[in-house]
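Reviewing the structure listed below.
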Amino acid sequence: MNRKYRILVVDDEFSVRDSLAKWLIEEGYDVETAEDAEAALKTFDAGMWDIVLLDIKMPGMDGLELQKRLHEVDPDLIVIMITAYASVNTAVQALKNGAFDYVAKPFDPDELCHLIKKALRQKSLTEENVRLRERVERLAGRAEIIGDSPNMKKVLELADTVADTDATVLIRGESGTGKELVARAIHARSNRRYFSLVPINCGALPENLLETELFGHERGAFTGAQYHRKGKLEMADGGTLFLDEIGTISMKTQLDLLRVIETKEFCRLGSDKPKKVDFRVVCATNRNLEQAVAEGDFREDFYYRINVFAIHLPPLREREGDIPLLARHFVTKYANAMGKEALASSPEALDLLSSHRWPGNVRELQNAIERAMVVAQEGVIRPTDLPFQLTSQRLDQPGDTLAAVECRHIQAILDRTGWNISRSAEVLGLDRATIYNKIKKYNLRN
Amino acid sequence: MRYLEIVSFVKDPEYDWPGLCQRLGQTFRMTVQLTWPTLDLEFAYNPARGQYLSTAMLSKLLEIRNPAATKSLGITDLDLFIPILTYVFGEAQLGGTVAVVSGHRLRPSFYGLPDDRDLRQERLIKEAVHELGHTFGLLHCPNQLCVLASSTYAENIDNKGTEFCAHCQGLINDALANPQTWPRP
Ligand SMILES: [Zn+2]
Ligand SMILES: [Zn+2]
């Protein structure tokens with residue numbers, strides 16, 4: 001379907017606004033007008049716009065400043081500046097600031113007609129690029145969900161079933177099981193696929209930042225909020241909002257989100273003007289939410305709201321059958337990335353991979369293969385190429401000295417934390433100085 | 001009885017008036033009445049631009065038109081403009097009752113070419129049908145051959161036909177069949 005393009009005309013002169021709007025309406029565009037920056041921002045906020053035609057010279061906030069504000073909110077917006085006299089410097093400044101072009105009024109009808117068509121062509125190209133990029137990501141994303149085991153097939157079936165509905169989905173599973181991939185698969189197979197999937201990792205942000213990220217803010221909503229800004233809720237309009245690590249959000253944010261999900265309305269921080277949004281919610285967590293509810297740490301009403309359709313992602317140890325498949329997949333992936341030949345895994349290495357408990361799940365397996373691809377010699381991945389903690393489980397023998405076990409365990413933890421001394425110290429319950437001493441004592445190497 | 005009123009501000013008999021009336025009558029299936037009011041158009045003159053404001057002409061037409069007419073079309077030879085554009089061939093009250101077209105930029109001599117009465121007449125018919133189409137609420141048509149395609153320069157007008165495309169004709173037929181949807185004269 002060909003939707004009507006929407007154009008906002010901002011000019012302080014009534015006759016200009018009026019005649020331009022009428023001309024554009026006859027051309028078949030949806031047009032609204034604003035007489036100053038303030039009215040323009042209001043109208044702009046209330047809808048979606050393809051093009052803004054903006055008078056450079058206006059009383060109050062001028063066109064250049066307004067252009068900056070608009071681009072702050074929507075960097076892809078096409079702004080065409082209108083200048084009354086050939087004030088080249090100002091127009092050039094506008095172009096530098098990201099304006100698409102400028103026209104001096106009065107315009108030649110043909111020139112204006114062409115300029116607008118050119119702008120719209122560029123816009124549809126940009127949109128097409130975004131769509132193509134999303135498509136590539138989607139295909140890649142889907143390819144990453146590897147699994148032949150009955151558990152995994154069940155997961156993909158569930159994702160397929162729920163994709164077409166608008167139901168809220170809660171994806172549960174341990175860290176590293178690939179919850180975001182499932183969210184992407186659901187989005188990619190839904191009617192919302194032409195809009196964005198907007199992910200936000202709730203666990204990575206403190207409460208106040210999370211709220212700003214989600215809701216956006218008005219100018220002056222807090223110190224440093226110089227411009228208003230779109231939040232993820234607005235960006236997800238039409239698409240899917242993916243709330244990762246939902247189990248970590250505060251009671252207050254839970255309540256705020258509950259309201260948005262139920263009313264499909266929200267206000268930016270620092271505003272009391274509700275905005276309509278329409279998105280699908282997919283959440284993910286590795287937390288036992290039922291227990292959190294029982295402990296009073298998670299709102300019951302919010303729990304029921306997000307737990308409409310649950311998908312459990314099995315940990316890797318419950319889908320051993322998929323390990324060789326996944327290993328081969330990651331070998332190919334890293335071989336391509338490193339420009340190497342894909343290596344075969346020796347039967348001993350495969351055996352070791354299959355018997356490991358994989359507390360870090362698919363992500364841990366992926367890291368193990370990446371590392372093996374770097375260190376493997378002679379075109380084969382052998383047990384010695386796998387991370388130390390894998391082999392150490394096998395190598396611990398009843399006859400080992402305590403020192404030998406300690407040495408291997410510390411090496412394993414260091415490897416797992418990427419040689420982050422503080423984190424290793426925390427895991428091992430030692431202080432940093434002791435870790436340094438042990439590294440020296442056992443001559444451990446990264 | 002519905003009829004189309006043509007209000008001519010053109011003094012000299014340069015156009016084939018009976019021909020124009022016949023074409024417009026056929027296209028819009030109405031009788032046509034041609035009037036020649038004596039009226040000074042200087043109220044619409046803008047000295048800074050050296051042109052006439054077409055929007056002001058529309059307002060004047062609304063004032064002087066015969067209220068019994070279904071639509072009123074003004075025809076002038078003055079150079080028309082709207083504030084935002086360097087010139088227009090005409091202007092209409094979208095979904096309204098009045099429209100105006102100018103022959104000023106339709107004559108080939110305006111572009112330094114030898115005059116061609118037939119060509120000028122044909123352009124005038126196209127622009128008259130086009131602007132009257134707007135008074136029935138129709139917007140520009142993406143079909144480049146349709147008389148409602150937008151024309152931004154004279155050769156552009158020559159590229160399109162004098163008729164509505166099937167889609168626009170359908171809209172016109174609907175409008176003609178449902179006079180209750182028309183704006184009150
Ligand atoms: Zn038109
Ligand atoms: Zn048409």
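The values are calculated or read from the model by the stated rules, or taken from the named source; none is laboratory data. These numbers come from a predicted model, not from an experiment. Don't worry about glycine lacking a Cβ; one is built from the backbone with ideal geometry, like all the others, and counts go over all protein chains shown. Protein only, heavy atoms only, side chains kept; ligands, DNA and RNA dropped before computing areas. Shrake-Rupley method; radii C 1.70, N 1.55, O 1.52, S 1.80 Å.
Quick notes on this structure:
- Inter-residue pairs, beta-carbon under 9 Å, first among the small types (Gly, Ala, Ser) and in the range B:158-185, second at pLDDT below 90, 6+ apart: B:Gly161/B:Leu145; B:Ala166/B:Asn143; B:Ala175/B:Thr181; B:Ala175/B:Trp182
- Of the strands (runs of 3 or more DSSP E) lying entirely inside the range B:63-150, the ones with 1 or more residues being among the small types (Gly, Ala, Ser), open to solvent by less than 50 Å² (accessible area, probe 1.4 Å) and within 14 Å of another protein chain (Cβ to nearest Cβ) are found at B:90-92, B:98-102.
- Going through (1) in contact (Cβ under 8 Å) with a residue 24 or more places away in the chain; (2) farther than 22 Å from B:Thr135 by Cα one by one, B:Gly74 falls short only on (2).
- When we screen A:Phe330, A:Phe302, A:Phe298 for residues that are open to solvent by less than 10 Å² (accessible area, probe 1.4 Å), in contact with a helix residue (DSSP H, G or I) (Cβ under 9 Å, 6 or more places away or on another chain) and outside the structural domain of A:Asp160 (by TED's automatic domain parsing), the only hit is A:Phe330.
- Some residue of the range A:312-321 being part of a strand (DSSP E or B), open to solvent by 20 Å² or more (accessible area, probe 1.4 Å) and in contact with a Gly (Cβ under 8 Å, 6 or more places away or on another chain): yes
- Scanning the range A:273-311 for residues that are more than 30 Å from A:Arg193 (Cα to Cα) and in a strand (DSSP E or B) gives no hits.
- Test: A:Tyr102 is more than 16 Å from ligand 2 (Cβ to nearest atom) and either closer than 30 Å to A:Phe266 by Cα or not assigned by TED's automatic domain parsing to the domain that holds A:Leu125 (or both): no
- Test result for A:Leu255, of a type outside the set (Phe, Trp, Tyr) and surrounded by fewer than 17 Cβ atoms within 10 Å (Cβ to Cβ): yes
- Residue check, A:Arg432 out of contact with any Asp or Glu (no Cβ under 6 Å at 6 or more places or on another chain) and at pLDDT below 80: no
- Boolean, A:Gly270 is outside the structural domain of A:Asp76 (by TED's automatic domain parsing) and either open to solvent by less than 10 Å² (accessible area, probe 1.4 Å) or of a type in the set (D, E, K, R) (or both): no
- Residue list for the range A:161-196, filter: open to solvent by 50 Å² or more (accessible area, probe 1.4 Å) and within 26 Å of A:Glu234 (Cα to Cα): A:Asp164, A:Thr165, A:Asp166, A:Glu180, A:Leu181, A:Arg184, A:Arg189, A:Asn191, A:Arg193, A:Tyr194, A:Phe195
- Number of residues in the range A:89-111 that are surrounded by fewer than 19 Cβ atoms within 10 Å (Cβ to Cβ), part of a helix (DSSP H, G or I) and within 14 Å of another protein chain (Cβ to nearest Cβ) equals 2.
Yes/no matrix, rows are residues, columns are (1) within 16 Å of ligand 1 (Cβ to nearest atom); (2) open to solvent by less than 30 Å² (accessible area, probe 1.4 Å); (3) more than 38 Å from the chain's Cα centre (by Cα); (4) within 14 Å of another protein chain (Cβ to nearest Cβ):
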| position | (1), (2), (3), (4) |
| --- | --- |
| A:Val16 | no, yes, yes, yes |
| A:Ile25 | yes, no, no, yes |
| A:Ala34 | no, yes, no, no |
| A:Asp55 | no, yes, no, yes |
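- The residues in the range A:203-249 that are among the small types (Gly, Ala, Ser), open to solvent by less than 50 Å² (accessible area, probe 1.4 Å) and closer than 24 Å to A:Gly178 by Cβ can be counted, and the count is 4.
- Residues located in the range B:44-54, provided they are buried (at least 21 other Cβ atoms within 10 Å of the Cβ) and hydroxyl-bearing (Ser, Thr, Tyr): B:Tyr52, B:Ser54
- Helices (runs of 4 or more DSSP H) wholly inside the range A:1-88 that include at least 2 residues being within 26 Å of A:Phe266 (Cβ to Cβ): A:37-45, A:63-73
- Tallying residues that are open to solvent by less than 50 Å² (accessible area, probe 1.4 Å), farther than 18 Å from A:Asn97 by Cα and small (Gly, Ala, Ser) within the range A:36-53 yields 3.
- Test result for B:Ala128, within 13 Å of ligand 1 (Cβ to nearest atom) and under 14 Å from B:Phe28 (Cα atoms): yes
- Of all the residues in the range B:119-133, those that are more than 17 Å from B:Val7 (Cβ to Cβ) and in contact with an Asp or Glu (Cβ under 9 Å, 6 or more places away or on another chain) number 6.
Conditions tested, residue by residue: (1) at pLDDT 95 or above; (2) within 16 Å of ligand 2 (Cβ to nearest atom).
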{"site": "B:Ala68", "(1), (2)": "no, no"}
{"site": "B:Gly74", "(1), (2)": "yes, no"}
{"site": "B:Ile84", "(1), (2)": "no, no"}
{"site": "B:Pro108", "(1), (2)": "no, no"}
{"site": "B:Arg120", "(1), (2)": "no, no"}
{"site": "B:Glu127", "(1), (2)": "yes, yes"}
{"site": "B:His130", "(1), (2)": "yes, yes"}
{"site": "B:Ser150", "(1), (2)": "no, yes"}
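- B:Asn173 vs. criteria open to solvent by 10 Å² or more (accessible area, probe 1.4 Å), within 12 Å of ligand 1 (Cβ to nearest atom) and in a helix (DSSP H, G or I): no
- Test: A:Thr263 is hydroxyl-bearing (Ser, Thr, Tyr), out of contact with any helix residue (DSSP H, G or I) (no Cβ under 9 Å at 6 or more places or on another chain) and within 21 Å of A:Asn307 (Cβ to Cβ): yes
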